[in-house]
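Shown next, in structure tokens, is the structure this report addresses.
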Amino acid sequence: MTVTMPPDDKPPIAPHAPARAETPIAFVRAIVEAYQQRGMDPDGALAKAQIAPGTLENPRSRITALQMEWVSAAAMQELDDEALGWFERPLPWGSYGMLVRASLTAPNLGVALARWCRHHALLTGRIGLRLAQHGGVATLTLTENQPLGTMQEFCVVSMLRNALGVACWLTDSRIPLQGTELRFAPPPHADSYRVLFDGPTTFGAPQHRLQFDAGYLALPVRRDEAALSHMLQRALLLTVRPYRRDRLLVDKVRQALRQHPELRRNAEALAQWLALSSRTLHRQLREEGASLQAIKDGVRRDIACELLARSRKPVKQVAQAAGFDNDKSFIRAFKAWTGQTPDEYRQQGAMK
């Protein structure tokens, strides 16, 4: 959303496949208002995004996510304001990139988001961001310290989506929301919120906030400076990129299989232990580009490798510990995983 590099002067490239127009035109009108506040003409930015001026007059109009990326990037460059008129003063180019950079060295997402919230106060006092967790639920709250006026919806939605996008990027994981609460009344385009935020959205709430499983806060930060430099070239994608892999779910499945060997034989029992149906477990893993069988194989391989490297247990006992009925099937599987027999693997480790 707000961390981006300036677009070049070339016309936008059309997407390879038609995209659905689901972004409310109200957000574009807010960008136009930012231009008007500065006495500037927004026509150039609208043209770069292929948004016809007449589109602004119809409150039911929608644009694609790519068009929103184009118009936002052009406006941030021309206005020299990454906040697009939300705050008491423009935010210089690179402000949000600075916040991301300060979070890169955090050991996990919880620390990274806490830094993000704390450092955001250095940019503006008009809003405040706070991260908390209670009862296994993480809550990111946005407080309006000063009225945002006509920019309220655009600012709040953009800030919350940007924070969530940064969190997903830092962990390279999809973070599904348990719920979104917003203080303002349902807008005419309230149906768009099913795309803006997954999970249920509540309007007229006491505060603006996102809620998700607190387990994600323990995920390690997986990005570095090189990844940041690449991301900043098109950082607006942070708010629209659908991360497929849910690392928390995969980690939960892997941990359950390691700690409870009896769950490796029965998908129904595993799903029940995770408070899911068997169908939902398989579907969610499939959506994240993983499979239960692949995770099982990975767990069994890791257990076998650890025992072969750190113990002198016979191969038959290693096979049993890894969940195999006999050592012959274990040896076949282990060779397929590593290209070596268990004895060869053990001997190679002893030579190191």
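The values are calculated or read from the model by the stated rules, or taken from the named source; none is laboratory data. For clarity, every value in this text was computed on a predicted model and none was experimentally measured. A quick note on method: Cβ atoms are made from the backbone with ideal geometry, for glycine too, and the neighbour counts reach across all protein chains shown.
Just name the residue that is farthest from Asp325 (Cα to Cα) out of those in segment 256-285 that are at pLDDT below 85 and surrounded by fewer than 12 Cβ atoms within 10 Å (Cβ to Cβ). Of everything passing the filter in segment 256-285, Ala275 is farthest from Asp325 (Cα to Cα). Among the candidates Ala49, Ala14, the residue that is modelled with pLDDT under 95 and outside the structural domain of Val71 (by TED's automatic domain parsing) is uniquely Ala14.
Within segment 123-170, the set of residues being among the β-branched types (Val, Ile, Thr), part of a strand (DSSP E or B) and under 19 Å from the mean Cα position of the chain (by Cα) comprises Val137, Thr139, Thr141. Residues considered: Gln272, Gln293, Gln255, Gln259. Of these, the only one that is within 17 Å of Asp213 (Cα to Cα) and polar (S, T, N, Q) is Gln255. Being of a type in the set (Lys, Arg) and closer than 25 Å to His260 by Cβ is a condition met by no residue of segment 333-352.
Give Arg60, Arg20 a once-over and let me know the one that is within 25 Å of the chain's Cα centre (by Cα) and either in the same structural domain as Val195 (by TED's automatic domain parsing) or at pLDDT below 85 (or both).
Arg20
Comparison of Leu148, Leu109, Leu99, Leu79 shows that the only residue that is farther than 23 Å from Phe197 by Cα, in contact (Cβ under 8 Å) with a residue 12 or more places away in the chain and in the same structural domain as Leu196 (by TED's automatic domain parsing) is Leu79.
Restricting segment 328-343 to residues that are touching a residue at least 24 places away in the same chain (Cβ under 8 Å) and among the hydrophobic types (A, V, I, L, M, F, W, C), the residue that is surrounded by the most Cβ atoms within 10 Å (Cβ to Cβ) is Phe334. Looking across segment 127-182 at every residue that is surrounded by 18 or more Cβ atoms within 10 Å (Cβ to Cβ) and of a type in the set (D, E, K, R), the one that is farthest from Tyr96 (Cα to Cα) is identified as Glu181.
Which residues, counting only those in segment 314-337, are at pLDDT below 90, in contact with a helix residue (DSSP H, G or I) (Cβ under 7 Å, 6 or more places away or on another chain) and of a type in the set (D, E, K, R)? If the condition is that a residue be at pLDDT below 90, in contact with a helix residue (DSSP H, G or I) (Cβ under 7 Å, 6 or more places away or on another chain) and of a type in the set (D, E, K, R), then Asp327 is the only one that fits.
Is there a residue in segment 292-303 that is basic (Lys, Arg), surrounded by 13 or more Cβ atoms within 10 Å (Cβ to Cβ) and over 19 Å from Ala256 (Cα atoms)?
First, the residues of segment 292-303 that are basic (Lys, Arg): 296, 300-301.
Next cut, surrounded by 13 or more Cβ atoms within 10 Å (Cβ to Cβ) only: 296, 300-301.
Filter again for over 19 Å from Ala256 (Cα atoms), leaving none.
Checked segment 292-303: no residue is basic (Lys, Arg), surrounded by 13 or more Cβ atoms within 10 Å (Cβ to Cβ) and over 19 Å from Ala256 (Cα atoms).
Could you go through segment 286-298 and let me know if any residue there is farther than 24 Å from Asp246 by Cβ and without any contact (Cβ under 8 Å) to a residue 40 or more places away in the chain. No, segment 286-298 has no match at all.
In segment 318-327 there is no residue that is of a type outside the set (Phe, Trp, Tyr), under 30 Å from Ser173 (Cβ atoms) and exposed (fewer than 14 other Cβ atoms within 10 Å of the Cβ). Within segment 177-198, the residues that satisfy the criterion of being out of contact with any strand residue (DSSP E or B) (no Cβ under 7 Å at 6 or more places or on another chain) and not basic (Lys, Arg) are Phe184, Ala185, Pro186, Pro187, Pro188, Ala190, Asp191, Val195, Leu196.
Within segment 344-352, identify whether any single residue is touching a Gly at 6+ places or on another chain (Cβ under 9 Å), charged (D, E, K, R) and surrounded by 12 or more Cβ atoms within 10 Å (Cβ to Cβ), and answer yes or no. No; the residues of segment 344-352 include none that is touching a Gly at 6+ places or on another chain (Cβ under 9 Å), charged (D, E, K, R) and surrounded by 12 or more Cβ atoms within 10 Å (Cβ to Cβ).
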